[in-house]
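Chemist: Pasting a structure below so you can have a look.
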Amino acid sequence: MRDSVDMHDDDFDPDSFEELEGPSKSQRKRDATALQDLGAQLVKLTSAQLNRIPLPDDLLAAVRAAQAMPQRGAHKRQLQYIGKLMRVIEPEPIRTAIAAARGESAGETAKLHRLEKLRDDLLADEKVLHEIASQYPQADLQQLRSLRRAALKEREQNKPPKSFRTIFQFLKTLEDGAPAEN
């Protein structure tokens, strides 16, 4: 007989086996592809949007390099490299920052819809100015009144809605808490 350690079936614990094995190869591939796709989203952002996202220096340099490449083989390899770099960082803050940069967060979307409704209500009825004054005491009501008149005139004359858009930006600036400027 051989001198060896006897392995009995009762000693086998399938749970400990799964812990040793980790995620399947397919799952690791799916995770890597998801990170590569997230990297591709980073590459599509503008420089201003990219600057607002906290990224490690090597990842930021790789993203900027990918932005400068034409969309061919080298670009694809660079995206794979970005995915590899992202494996060592937590991707969730980046996803959140990308959504915020694109205005995709639910809170941001709700805010924009609320401001659009306020703008439309203002154009429909000048009494909404009092509501805006109570909600935003720092608001320049004279400027807002002037923009309202200009927007109504543009609509009446079928001109491009420059003042209409300016009212929205004015309200958005008020909402964000910065002093309203035009």
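The values are calculated or read from the model by the stated rules, or taken from the named source; none is laboratory data. All figures in this text were calculated on a predicted structure; none of them were measured in a lab. Cβ placement follows ideal geometry from the backbone for every residue including glycine, while neighbour counts extend to all protein chains displayed. Only protein heavy atoms, including side chains, enter the accessible area calculation; ligands, DNA and RNA are left aside. Shrake-Rupley method; radii C 1.70, N 1.55, O 1.52, S 1.80 Å.
Chemist: Provide 69, 86 ordered by accessible surface of protein heavy atoms (probe 1.4 Å), highest first.
Modeler: 69, 86
Chemist: Out of 128, 115, 150, whose Cα points farthest toward the positive end of the dipole of the range 110-182 (charges: +1 Lys, Arg; -1 Asp, Glu; placed on Cβ)?
Modeler: The residue sitting most towards the positive pole is 150.
Chemist: Also, quick follow-up: Suppose every K and R has +1 on its Cβ and every D and E has -1 on its Cβ; what is the size of the dipole of the range 30-106 about the Cα centre, in Debye to the nearest 20?
Modeler: With only Lys, Arg, Asp and Glu charged at Cβ, the dipole is about 320 debye.
Chemist: Turning to a different aspect of this structure: For the range 52-60, just list the computed ³J(HN,Hα) in residue order, Karplus coefficients 6.51, -1.76 and 1.60, θ = phi - 60°, integers in Hz, with x standing in for Gly and Pro.
Modeler: For the range 52-60, the Karplus curve yields 7, 9, x, 10, x, 4, 5, 5, 4 Hz.
Chemist: Ok, one more. Based on the Cβ-Cβ distance of residue 172 and residue 100, what FRET efficiency does E = 1/(1 + (r/R0)^6) give at R0 = 22 Å, to the nearest 0.05?
Modeler: The value I calculate is 0.90.
Chemist: As a test of reading the structure, rank 156, 90, 116 by solvent-accessible area (1.4 Å probe, protein chains only), most first.
Modeler: Heavy-atom accessible area, descending, gives 156, 90, 116.
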